[in-house]
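First the structure, in the form of structure tokens, and then the observations on it.
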Amino acid sequence: MMKQFFKNFSALRFVKNGNNKTITVEEFESKHKEAGIAHYNDSIYFAGISDEGMTFVTRMSFRNKKLNENWLKIHIPGEGIWGFENRGMIEGEGFEQGKLKYTCEKPGKNWRIQFEGQVFQEKKYYQISLDLKWKSKQPLINFEKTGVSADQIAFQIASREWNYNIVKQLNDLRRKHYEQAGEIKGVITWKRKKHKVEMKGIRTHSFGLNSWKDWERHFWFTGLLDDGRILHNGIVDYYLVNDLKSGFVSRDEKLITLVKTPDFSQLNFKEDSSSDFSYKVRERGGETEKIVLIKMLEFFPFVMDEVYSIRQAKARFTYDGVKGLGIIEMGLALKKPIR
């Protein structure tokens, strides 16, 4: 009993100590490179979602001692999904690979997303051009400070057998991560026709050590409600430690942690087939559970280092009866069995 109490206390201290460093918005918005550190990774992502029009997802990852990663996939109504992943493109100074470029114009507020080149659908390809402006609608949400529960993470860590290697590996799993909600406006040129677009926007940025072989499975959902709130739920199973959760509802500077969120066993979906599912959550300070109903629409699949599969989807959803649009992501290891 005393040994477990000590582990619980030490694990909580370990987690909270990792959250003490203050990082400025300018640092958050910068590209991070740690030359010589294997598996160091800076990953930045944007999604533009519209109810009936075009929806796109795009990501760049800058990696040490491995090829960089890049995504661009776009759903064009009536024409399906077009795009590419992990093309060999020359890295630029900032967030730039080939003709895919994200430019921070005002930290925490404004970005520009640009691409000009070919996108593919099986053996077909066409030229596309994106020139889009991101404008924030909510503050940055720093997951180390507010997005995750230190108590819950400490509980999962304390349940493991401890030794020096475990502590070192836990340190390696630490990453800086933020998310933000906004709007995207601009022009997408498709088949020589310019389309003015207005979209709801989600973006993320994370940096630190990452190796896809360490991932077992994960679930990530960020949705923008019609009343202006953000809803987030996440679960990650690493092979080292599992059931790491994040969950909150946020509007402006007010963030409410979700103190009850589902386990994988309680999620009524399968990573490779489901399109509709639901789960229950409870807000901190709330007495009743609220239902999240999700309908997945267009799918954007990716394979990471040939060991991990990711499937993103545009999703319509309701939270306690309020409608919204979001992006859902499910990941599953390809070469190791689920426990």
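The rows are residues; the columns are (1) open to solvent by 30 Å² or more (accessible area, probe 1.4 Å); (2) among the aromatic types (Phe, Trp, Tyr); (3) at pLDDT below 95.
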position: Leu170; (1), (2), (3): no, no, yes
position: Arg175; (1), (2), (3): yes, no, yes
position: Ile184; (1), (2), (3): no, no, no
position: Lys194; (1), (2), (3): yes, no, no
position: Arg203; (1), (2), (3): no, no, no
position: Ser206; (1), (2), (3): no, no, yes
position: Phe219; (1), (2), (3): no, yes, yes
position: Lys254; (1), (2), (3): yes, no, yes
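Could you say whether any residue in the stretch 239-246 is surrounded by fewer than 18 Cβ atoms within 10 Å (Cβ to Cβ) and under 17 Å from the mean Cα position of the chain (by Cα)?
yes
Starting from the stretch 215-232, take each residue that is within 13 Å of Lys200 (Cα to Cα) and part of a strand (DSSP E or B) and list its partners that are among the aromatic types (Phe, Trp, Tyr) and at pLDDT 95 or above, counting only C-beta distances under 7 angstrom and pairs at least six apart or across chains.
Taking only residues 6 or more apart or on different chains, the pairs are Gly223/Phe317; Leu225/Tyr319.
Among the candidates Lys280, Lys295, Lys314, single out the residue that is assigned to a strand (DSSP E or B) and in contact (Cβ under 8 Å) with a residue 60 or more places away in the chain.
Details: Lys280 fails: in contact (Cβ under 8 Å) with a residue 60 or more places away in the chain; Lys295 fails: in contact (Cβ under 8 Å) with a residue 60 or more places away in the chain.
None of the others qualify; the one that does is Lys314.
Name the strands (runs of 3 or more DSSP E) wholly inside the stretch 17-122 in which the number of residues that are touching a residue at least 60 places away in the same chain (Cβ under 8 Å) and open to solvent by less than 10 Å² (accessible area, probe 1.4 Å) is 3 or more. Outline the logic, then answer.
Details: elements: 40-49, 55-63, 69-76, 80-85, 95-97, 100-106, 110-121.
Of the strands (runs of 3 or more DSSP E) lying wholly inside the stretch 17-122, those with at least 3 residues that are touching a residue at least 60 places away in the same chain (Cβ under 8 Å) and open to solvent by less than 10 Å² (accessible area, probe 1.4 Å) span 40-49, 55-63, 69-76.
The values are calculated or read from the model by the stated rules, or taken from the named source; none is laboratory data. Everything numeric in this text was worked out from a predicted model, so none of it was measured. FYI the Cβ positions are ideal-geometry reconstructions off the backbone, even for glycines, and counts take in every protein chain you see. To get the accessible areas, we keep the full protein, side chains included, count just its heavy atoms, and leave off ligands, DNA and RNA. Shrake-Rupley method; radii C 1.70, N 1.55, O 1.52, S 1.80 Å.
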